[in-house]
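Let me begin by presenting the structure, written as structure tokens, before commenting on it.
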Ligand code: TUI
């Protein structure tokens, strides 16, 4: 399937992997790229030496294009932006803020720049700043989210921009891809489906939570801190949600409790103190497969639907 996204990124299929903080490391990224999509390594707030090592390992594992996701709230964002230039990374996606100040240097270095945006206004600013494409991310996504849904956001962003749009949020099978294309997207970003892949290195407890999740098993916490995050319902996320609702946790206490909680979920599978970020589509995912199988099945189903 050829679109402006496959042409821009030099990949076989218009699928990019979500830049999931603490989750998206070189093993997952190279597996997605080798499967014909575009894998991403998450910068998160990790030290630069760790990320350089991740990028170099990924280069050893795949000759296909892969990218790095930079979280704008990271204290390391400046250094990571430069690392992507030094390491000649093919693609950069950004989240949780406005990357405009970095775009000229990335473009100069030949990097394809794809900001993740939750609104039409920010999408237009990114196009004016020189972005090559945007990911329009609906509130169905896991992690840090905006308020608009994928169904409402994607067509409005597609109408507002000349550059291609990648849809994200609530996409985990070929039907989601076909629907995204009907909304005007030319690619999709998929996160939660890849959590349940063989190559994803998260704690087995995290994978188990995804496989067991029902349609109603995700919850958004932290709206009152200004950083709403979608997680799987656990004892911990329910405690955060009720503390936020009934006022028994101040925003400062909430932030204190969630400090380090992504690592505790991903590495330790800690159900008492970990934040298991995942999208609202987790309820549809019931098996763990290799990335190659996931990508092939997604594309087979999407192509069949789109050719009808
Ligand atoms: O960034 C994400 N998802 C993430 S980042 C993350 S790590 C984190 N942990 C705790 C708190 C905050 C982050 C976990 N998941 N998705 C892309 C995304 N970007 N969603 C929303 C945005 C966004 C929000 C505001 C992008 C730009 C923006 O700009 C505001 C402005 O005007 O500067």
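A short reminder: the numbers here are calculations on the coordinates, not readings from a lab. Source: prediction; values computed, not measured. Ideal geometry is used to build each Cβ from the backbone, glycine not excepted, and the neighbour counts take in all protein chains shown.
Put a dot 7 Å past each Cα toward the Cβ at residue 100 and residue 198; how far apart are the dots in nm?
4.6
Determine the gain in length on full extension of the stretch residue 205-residue 308; use 0.36 nm per residue of separation and subtract their C-alpha separation, reporting nm with one decimal.
Numbers: separation 103, 0.36 × 103 = 37.08 nm, distance 3.97 nm.
Between residue 205 and residue 308, full extension yields 33.1 nm more.
Full-extension gain between residue 124 and residue 108, please, as 0.36 nm times their residue separation minus the C-alpha to C-alpha distance. Please report the intermediate quantities before stating the final value.
Working: separation 16, 0.36 × 16 = 5.76 nm, distance 2.08 nm.
Stretched fully, the residue 124-residue 108 segment lengthens by 3.7 nm.
Suppose only helical runs count, i.e. DSSP H with n ≥ 4. What mean residue ellipticity at 222 nm does that imply for the chain under -39500 (n - 2.57) per run, divided by all residues and rounded to the nearest 500 deg cm²/dmol?
Values: 14 runs with 130 residues, N = 308.
Mean residue ellipticity, 222 nm, calculated: -12000 deg cm²/dmol.
Which ordering of 278, 200 is given by a fewest-first count of other beta-carbon atoms within 10 Å?
Fewest-to-most Cβ neighbours within 10 Å comes out as 200, 278.
Eigenvalues of the Cα gyration tensor times 5, then square-rooted: what semi-axes does that give for the range 225-284, in whole angstrom, largest first? Walk me through the numbers on the way to the answer.
On the way: eigenvalues 70, 39, 21 Å².
Equivalent ellipsoid semi-axes, largest first: 19, 14, 10 Å.
Suppose each label sits 7 Å from its Cα in the direction of the beta carbon; what would the residue 7-residue 214 distance come out to in nanometres?
Distance between the two pseudo-spin positions: 4.7 nm.
Can you give me the distance in nm between label points at residue 223 and residue 289, each placed 7 Å from the Cα along the Cα-to-Cβ direction?
About 3.5 nm, to one decimal.
Could you tell me the relative contact order of the range 97-209? Use alpha-carbon pairs under 8 Å, at least six residues apart, and round to a whole percent. Mind showing how you got there, number by number?
Details: 190 pairs, mean separation 21.5, N = 113.
Relative contact order, the range 97-209: 19 percent.
Please give the contour-minus-distance gain from residue 152 to residue 175: 0.36 nm per residue of separation, less the Cα-Cα distance, rounded to one decimal in nm. If you can, show how the numbers build up before the last one.
On the way: separation 23, 0.36 × 23 = 8.28 nm, distance 1.69 nm.
Length gained between residue 152 and residue 175: 6.6 nm.
Kirkwood Rh, Cα Rg: Rg to Rh for the range 66-147? Before the final figure, lay out the partial values.
Values: Rg = 12.0 Å, Rh = 12.7 Å.
Computed over Cα atoms, the ratio is 0.94.
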